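Inspection log for the structure reproduced underneath, given as structure tokens.
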Amino acid sequence: MKRLGEVLTLAGLTGAGLTLWLGFTWAPSVTIEAFESPEAQKIFYWHVPSAWAAMLSFSLLFIGSTMWFFKRNQWAWRLHVASSEAGLATGLMCVVSGTIWGAAEWGIPWDWTDIRLNTFAMLTLLSLFLVLGRRSQPDGIETRDTFSTFGMYGFLLVPLTYFATRIWQIRHPGPVVGTSEGSLNSDMGLVLLIGAISFTILIIGHIISGMRLAHLELRFEDLTSKYEELI
Amino acid sequence: MAVLIKLEDLTVRRGRKEVLNGWNLNIDSAEVVVLSGENGCGKSTVIEAAAGLLNLENGSSKIQNQTIRDSEGRRGRTNFGLCLQNDCVMGDELVGEKLLDAAQANFDVKSLLDEWKLGHRINDKIAFLSGGQRRKIAVLSALVPAMISAQPIAVLLDEPDSGLDDDSIEILVQLLRDLAAGGHAILVTSHNQKIINAANRVISFPFSEKKQSPIIGTFNKLESKKSTTKNIGLRLNIRTMSGFANNGIAGLLVLGSMLAFVTPNQLGSEMLFAFILAPALAAGLNGDPIFKLLQENRAHAWWYVRKATPPNAFAHVFLGCGLLTILSSAIANHWDAIVILSGATLGLFTAIVVTILSHATLRLARPNAVMLRLLTPILILPWAILVSRLS
Amino acid sequence: MSGQIYLAIAYLAMISGLAIWTWTVLSRSNSLEGRIEALEQSIRHGEE
């Protein structure tokens, strides 16, 4: 149980490596008619799964924040801590890979009028705010309440991000999986599915490790107080 | 005797510590109750919890039959006096003006200040007072609502004697007894023996209670007339020019920077609107100009107890962003009332969002250490959408 | 820049990000475990 997080992380990393290998060696390439930069399209195999993993992290962030705020559940606070870090890491991966792909495909890395790009970036910045903010404050009820409030309200952006390309197609392409308008080749879809499963396992592993880390940090603080009382 | 202050089953945590657990206290009309105990035992926590400034894990605080705060998250407000350990005064408020705002009525401020040896400072800024003089203003701000009221009012004082000289403490003690004679209920935390002697009950932490028979005072209500409080935020903004110094300069700097490289009359439609609206966005990103002033001496906490929306200068932000947009429109030689209104509205909306985010972090131990600006890039989105809609 | 260069940069960034993140979580956990053990020993000695 102690090493479950590490085992899952390793399994996820292996799956992600497999996804990368399949994406380069097995999945079909795209044509110049469909894409401005066919080679850069292969960013897709990690960009999309990292976005999925980020959305999962933000959802877990919401659950942890809400349960801490209303139930004062210690486990929930550790979930808030771990999922904010996971959201930051995967969000950054998605935004960075997306801007590079955007530069290659659209000629510009960013579009300030595209809802999905901006709401997703906002969620990533929210995670950064939570991670850095928590490190700048002493742990306590005021810190936890304040940051879990941000975690709860920030979740409003998640459905907005998800549905953005279904409602407005400004720059970011619309959904290609699970819709009748989707045009994804089945082999590409398979590689993408392996990627999504791998990243899911990876992020769950990371969150479990992160929660264990949060537990260790709290335990260390408690022991330090106990030791100081003793001396 | 009516119960004016009712603290029921209070359980409060601060930081990682549980400071109060199932704590109860009722204070009747005409009673002075002093809380005493060593530092860190929870006296200030009782005052702040009673005033509704702290989240309650359990229990409730009621003042004058109004629920101020409870553990279910319900909140309310009523007129009562409050003096925290921090003075909770903004440096740019004037001495006399502060007391009139606290009273929410017109009364003879000069005579009151004369009794406390501050009459000659009535029109001075509070920032120019010494620490002890500032403390007197903080204490008087808490007492004035009761001094002008025939109806019993609750007063909460956290170490009011801290920083006061002996003469002032004597005046304070007499005033507490006089207010009690007028039916007002007063909860005080103090280590000062004179104040302790003035109490009807002394509660020593964790919970031992001693009843006393202090001297009886005489209540002379101060004559007053209800006044319409002019917007405090706007008044302060005019006095300090904080809006210009923060928001205005930001907008002008952005405009100036763009002019270094951009020739407005050569811009295409979309870039032109972006140019015109950018100064308003920059101005709005500085938030409410009064927010920084409210952080002085924890003034925001005192105002939070009094009003749902703290003093602000959003009306000036709207006007200022409108003026910035007029200026950039003039430079670009493009006149459109819709664009100017959009600039003003964009600046106002941006400022409101930034201010709400800023207020949300005020409970933290170190609110200035939090990188709140990380959350502001989302505000580029409304500007970009507005630009693309207008062009 | 060619598409392949963009591709290489993107994957290098993602791989580095994953690697750094995984490494920091694991190394912080290991370091904390060590410090907790040392502290528990000191407390045991102190109580004796």
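Return the FRET efficiency for the residue pair B:Ser269, B:Leu319: r is the Cβ-Cβ distance, R0 is 35 Å, and the value is rounded to the nearest 0.05. Mind showing how you got there, number by number?
Details: r = 27 Å, r/R0 = 0.78.
Using R0 = 35 Å, I get an efficiency of 0.80.
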At a 10 angstrom cut-off on C-beta neighbours, averaged per residue, how do the peptides A:117-127, A:219-229, B:78-88 rank from highest to lowest?
A:117-127, B:78-88, A:219-229
Local charge sum around B:Glu48 (other residues, Cβ-Cβ under 13 Å, Lys/Arg +1, Asp/Glu -1)?
+3
Backbone N within the stretch B:59-91 under 15 Å of label point (7 Å from B:Asp124 Cα along the Cβ vector):
B:91
Beta bridges by DSSP in chain B, antiparallel share as percent, to the nearest 5:
60
Roughly speaking, what is the stretch gain from B:Asp336 to B:Asn39, that is 0.36 nm per residue apart minus the C-alpha to C-alpha distance, in nm to one decimal?
100.6 nm
Rg/Rh (Cα only; Kirkwood hydrodynamic radius) as it applies to the stretch B:232-390:
1.01
Express in whole angstrom the spacing between the alpha-carbon centres of the stretch B:183-227 and the stretch A:1-67.
67
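Could you state the orientation-averaged shadow area of the convex hull built on the Cα atoms of the stretch B:263-310, in nm² to one decimal? Mind showing how you got there, number by number?
Numbers: hull surface 19.1 nm².
That works out to 4.8 nm², a quarter of the Cα hull's surface.
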Let me confirm one metric for peptide B:366-376, namely the mean number of other chain beta-carbon atoms within 10 Å of its residues' beta-carbons.
5
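Subtract the Cα-Cα distance of B:Thr218 and B:Gln295 from 0.36 nm times their separation in residues, and report this length gain in nm to one decimal. Before the final figure, lay out each step's value.
Numbers: separation 77, 0.36 × 77 = 27.72 nm, distance 3.76 nm.
Once the chain is fully extended between B:Thr218 and B:Gln295, it gains 24.0 nm.
As a test of understanding, state the convex hull volume per residue of the stretch A:9-142 from its alpha carbons, in Å³.
Values: hull volume 16.8 nm³, N = 134.
Per-residue hull volume (Cα only) is 126 Å³.
Please compute, over every Cα-Cα pair in chain B, the percentage with a separation greater than 37 angstrom.
Numbers: 24877 of 76245 pairs.
Considering chain B, 33 percent of its Cα-Cα pairs are separated by more than 37 Å.
Could you give the size of the charge dipole of chain B about its Cα centre, using +1 on the Cβ of each K and R and -1 on the Cβ of each D and E, expressed in debye and rounded to the nearest 20? Don't jump to the answer; show the numbers that get you there.
Details: 38 positive and 33 negative charges, 86 e Å.
Dipole size: approximately 420 debye.
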With unit charges on the beta carbons (Lys and Arg positive, Asp and Glu negative) and the dipole taken about the Cα centre of the stretch B:232-390, which residue among B:Leu252, B:His316, B:Ile385 sits farthest to the positive side?
B:His316
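Using +1 on the beta carbon of Lys and Arg, -1 on that of Asp and Glu, and nothing else charged, what's the dipole of the stretch B:145-185 about the Cα centre, debye to 20? Could the numbers behind the result be given before it?
On the way: 1 positive and 8 negative charges, 78 e Å.
The dipole magnitude comes to about 380 debye.
Which value, to two decimals, describes the C-alpha radius of gyration of the stretch B:142-286 once divided by 2.2 N^0.38 Å? Working shown, then result.
Values: Rg = 27.7 Å, N = 145, 2.2 N^0.38 = 14.6 Å.
This ratio for the stretch B:142-286 stands at 1.90.
Can you give me the span-like helices of chain A, meaning DSSP H runs with 24 Å or more of Cα extent along the axis and Kyte-Doolittle mean at or above 0.5? Show your work: numbers first, answer last.
Numbers: long enough: A:4-25 (31 Å, 1.27); A:44-71 (40 Å, 0.94); A:74-105 (45 Å, 0.54); A:115-136 (31 Å, 1.10); A:186-230 (65 Å, 0.78).
Once both thresholds are applied, what remains is A:4-25, A:44-71, A:74-105, A:115-136, A:186-230.
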How large is log10 I(q)/I(0) at q = 0.05, 0.07 Å⁻¹ when the Debye formula is applied to the Cα atoms of the protein assembly as shown, each weighted equally and without solvent?
-0.33, -0.61
Helix C:3-47 versus the longest principal axis of chain C: what angle, 0 to 90°, nearest 10, using Cα atoms?
0
Exposure proxy order (Cβ contacts within 10 Å, fewest to most) of A:Trp77, A:Trp106
A:Trp106, A:Trp77
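Note down the net charge around B:Leu362, summing +1 for each Lys or Arg and -1 for each Asp or Glu among other residues with Cβ under 10 Å from its Cβ. Write out the running numbers ahead of the final one.
Details: positive: B:Arg298, B:Arg363; negative: A:Glu142.
Surrounding charge for B:Leu362 is +1.
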When only alpha-carbon atoms count, how far does the stretch B:112-178 stretch along each of its three principal axes, as whole angstroms with the largest first?
34, 23, 19
Suppose every K and R has +1 on its Cβ and every D and E has -1 on its Cβ; what is the size of the dipole of the protein assembly as shown about the Cα centre, in Debye to the nearest 20?
820
Inter-centroid distance (Cα atoms) of chain C relative to the stretch A:103-152, Å:
21
Global geometry of chain A, whether rounded, prolate or oblate, following the gyration tensor of its Cα atoms and the 1.5 cut on a/c:
prolate
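Report the per residue volume, in Å³, of the convex hull enclosing the C-alpha atoms of chain C. Don't jump to the answer; show the numbers that get you there.
Values: hull volume 1.7 nm³, N = 48.
Each residue corresponds to 36 Å³ of Cα convex hull volume.
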Indicate the helices, whole DSSP H runs only, in chain B that combine a mean Kyte-Doolittle hydropathy of -0.5 or more with a Cα extent along their long axis of 30 angstrom or more.
B:337-360
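Taken together, the values in this text are just the output of simple stated rules run on the coordinates, not laboratory data. What you are looking at is a predicted structure, and each value in this text was computed from that prediction instead of being measured. Because the Cβ atoms are built from the backbone with ideal geometry, glycine has one as well, and the counts that use them run over all protein chains shown.
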